[in-house]
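Participant: For reference, the structure I am asking about is given below.
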Amino acid sequence: IRGFVPTSQFGEKFLGNMDDLLNKTFKVRVIEVDKDQNRLIFSEKLVSDFEALAKKGEALEMVNVGDKFDGTVSGIMPFGVFVTVNVPMKGKEETAKVEGLIHISEISWEKVEDPNVIFKVGQEVTVQVIGIDKAVGKLNLSIKQMSGDPWSEIEKNYAVGTKHNGKVVRIAPYGIFVNFDKGVDGLIHVSKKPADKEFKVGDSLEVFVEMIDVKNRRMSLGVVLTEVPV
């Protein structure tokens with residue numbers, strides 16, 4: 001009988017060391033049986049981390065929004081990263097393991113396309129709690145909230161009419177995205193692109209700020225012309 005243990009269902013001691021499991025014997029607990037699909041799903045962490053996981057409910061009562069914890073990446077999905085954090089138990093010298101999710105939008109102030117490029121299973125990370133879901137026993141986590149929002153002073157640092165040097169980071173059918181700082185991009189709309197100029201990713205150019213929409217985190221740009229247009 002063959003079964004499958006998802007990466008997220010391994011305990012901390014195995015995370016990042018999957019190759020060492022080949023031909024090894026270890027205990028698992030059955031978490032799903034689907035006879036019609038001939039599918040059998042196991043969990044290793046429900047055995048190795050059973051005691052710590054059993055204290056999860058008690059640990060969740062001690063967690064507050066804004067708390068920061070060190071944790072281990074236990075799974076990576078297209079929509080985000082699962083992290084298991086160790087929550088100190090009040091009045092005890094032990095910890096409880098609680099799993100949480102860093103949604104892809106909470107990884108960085110910059111746009112993240114693929115979490116696999118940044119993280120690997122077993123990696124140690126520091127996270128901040130931004131939400132607690134006691135009903136399902138999980139935490140909502142963030143990494144980007146531990147650093148300042150670059151858009152908080154955008155109107156001061158990139159006032160309308162000011163000129164700045166940036167780098168082309170993406171070209172879309174409707175315009176060119178220019179990056180100035182971590183998490184700060186602006187758009188040169190295709191209608192504002194000089195007819196005699198072609199841009200490619202990585203180009204440096206000077207632009208001026210035409211409009212800022214702080215609420216929607218959008219900045220419209222115009223190209224600073226170095227020659228008199230015909």
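Participant: Placing +1 at every Lys and Arg Cβ and -1 at every Asp and Glu Cβ, with all other atoms neutral, what dipole size does the range 173-230 have around its Cα centre, in debye to the nearest 20?
Facilitator: 280
Participant: Please report, as a whole percent, how much of the solvent-accessible surface of the range 1-112 comes from carbon and sulfur atoms (probe radius 1.4 Å).
Facilitator: Carbon and sulfur together cover 50 percent of it.
Participant: At a Förster radius of 22 Å, what calculated FRET efficiency corresponds to the Cβ-Cβ distance of GLU58 and LYS13, to the nearest 0.05?
Facilitator: 0.45
Participant: With a probe of 1.4 Å, find how much accessible area the chain has per residue, and write the answer as a whole number in Å².
Facilitator: With the other protein chains kept in place, the chain gives 62 Å² per residue.
Participant: In debye, nearest 20, what is the charge dipole magnitude of the range 95-230 about its Cα centre with +1 on Lys and Arg Cβ and -1 on Asp and Glu Cβ, if you could check?
Facilitator: 220
Participant: So how compact is the chain: Cα radius of gyration and Dmax in angstrom?
Facilitator: Using the Cα atoms of the chain, the pair Rg, Dmax is 23.9, 77 Å.
Participant: With both bridge residues required to lie in the range 35-186, what share of the DSSP beta bridges run antiparallel, to the nearest 5%?
Facilitator: 90
Participant: Could you tell me which residue out of ILE1, GLY16, GLY75 lies farthest along the dipole of the chain toward its positive end? Charges go on the beta carbon: Lys and Arg +1, Asp and Glu -1, centred on the Cα centre.
Facilitator: ILE1
Participant: Considering the zone a paramagnetic label at VAL33 would reach in this model (a point 7 Å from Cα along the Cα-to-Cβ line), which residues of the range 1-26 have amide N under 15 Å from it?
Facilitator: Flagged as within label range: 1-4.
Participant: If you place +1 on the Cβ of every Lys and Arg and -1 on the Cβ of every Asp and Glu, how big does the dipole about the Cα centre of the chain come out, in debye to the nearest 20?
Facilitator: 320
Participant: Rank-order 103-109, 134-140 by packing density, defined as the average count of other C-beta atoms within 10 Å over each peptide's residues, highest first.
Facilitator: Most protected by this proxy first, the peptides run 103-109, 134-140.
Participant: Here is a follow-up. Given R₀ = 22 Å, what would the calculated FRET efficiency be for MET211 paired with GLU110, taking r from the Cβ atoms and rounding to 0.05?
Facilitator: 0.55
Participant: Rounded to the nearest 0.05, what FRET efficiency is calculated for PHE4 and VAL117 with R0 set to 30 Å and r the Cβ-Cβ distance? Before the final figure, lay out each step's value.
Facilitator: Details: r = 25 Å, r/R0 = 0.84.
About 0.75, to the nearest 0.05.
Participant: A follow-up question, please. Give me the lysines in straight-line cross-link reach of LYS55: C-alpha distance below 27 Å, same-chain residues under 8 apart excluded.
Facilitator: Filter leaves LYS13, LYS27, LYS45, LYS68, LYS90, LYS92, LYS97, LYS120, LYS134, LYS138.
The values are calculated or read from the model by the stated rules, or taken from the named source; none is laboratory data. All values reported here derive from a predicted model rather than from experimental measurement. Cβ: placed from backbone, ideal geometry, glycine included. Neighbour counts: every protein chain shown. For accessibility, only protein heavy atoms count, side chains too; no ligands or nucleic acids. Shrake-Rupley method; radii C 1.70, N 1.55, O 1.52, S 1.80 Å.
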